[in-house]
Each structure stands twice: as C-alpha cells, then as structure tokens.
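We did not get these values from a lab; they are worked out from the coordinates using the rules stated. Remember, it's a predicted structure, so these values are computed and weren't measured experimentally. Neighbour counts are summed over all protein chains in view; Cβ atoms, including those assigned to glycine, are modelled from backbone coordinates with ideal geometry.
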C-alpha cells in the first residue's frame, strides 16, 4: 500500500536522483527497490556511522540525512518528518530566490 506521504517522498527521491551523476542515480534507484531491503539497511547504517565521524575529512554530517532518506522506505514513521523537511527546504529556497531577485531588480 502506497500512502500519500510515501508517494510524496518517492517524488522527492526521484527529483534528487535527477540531480545526481548517472552512476549514483542508478545506484540510488536500485537501492530504493523493495527487494533490496537488506542493502538499504546496511547502507543507511554505514551512512549513520559515518556521520558520527564528522570531524574527519570526507565523512560528515551530510551522511546522516542521506541515511535517513534511504532507510525511510522501511521505517514509515520517518516518512512524514522527511516530507515536511523537504517541503520546508523547498519553501525556504523559493523565498531566498525571490528575495535575491527582488534585490537585484531594485
């Protein structure tokens, strides 16, 4: 059963995939397939662990949201907060763009 929240999250994930390099987009698409639950759990756990070592080069806090996005397919209680976060980010970026355009015109 696909809920509205799940459908919205899938839409955001597909939009993210469009902005990734081809190889990582294919990997994320493969990872999101329902049959790859074990791989999703492993990748999300590794990303979460990597976020703990944010003080090291390359590893960082960027890994935590990515891990949450990946594991949210298996943990429905994470889907609504992630969709809300995506909506907030989208609205904030829109406000920032409008503000920047208004400043450049005036």
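Between residue 3 and residue 64, the modelled labels are 2.4 nm apart [label points 7 Å from Cα along Cα→Cβ].
Peptides 83-93, 59-69 ranked from most to least packed give 59-69, 83-93, packing being the mean of other C-beta atoms within 10 angstrom over each peptide's residues. Can you work out the PRE-style zone for residue 14? Point 7 Å along Cα to Cβ, and I want the residues of region 49-81 with backbone N under 20 Å. Within reach of a label on residue 14, which here means backbone N under 20 Å from a point 7 Å along Cα→Cβ, region 49-81 contributes 69-74, 79-80. Spin-label model, residue 91 to residue 45: label points 7 Å out along the Cα-to-beta-carbon direction sit 3.7 nm apart.
Mean residue ellipticity, 222 nm, helices only, the chain: the sum of -39500 (n - 2.57) across DSSP H runs of n ≥ 4, divided by residue count and rounded to 500, is -24000 deg cm²/dmol. Considering the values (1) 5.7; (2) 8.7; (3) 9.3, which represents mean projected area of the Cα convex hull in nm² as calculated for the structure under consideration? Read-out taken from this structure: (2). Over the chain, Cα pairs under 8 Å with separation of 6+ residues give a relative contact order of 24 percent. Which angle from 0 to 90°, rounded to the nearest 10, does the C-alpha axis of helix 22-31 make with the longest principal axis of the chain? So the helix axis and the longest Cα principal axis differ by about 50 degrees. Which stretch or stretches of region 63-88 have amide N atoms under 15 Å from the point lying 7 Å from residue 53's Cα along the Cα→Cβ direction? In region 63-88, the label zone of residue 53 (backbone N under 15 Å from the point 7 Å along Cα→Cβ) covers 63-64.
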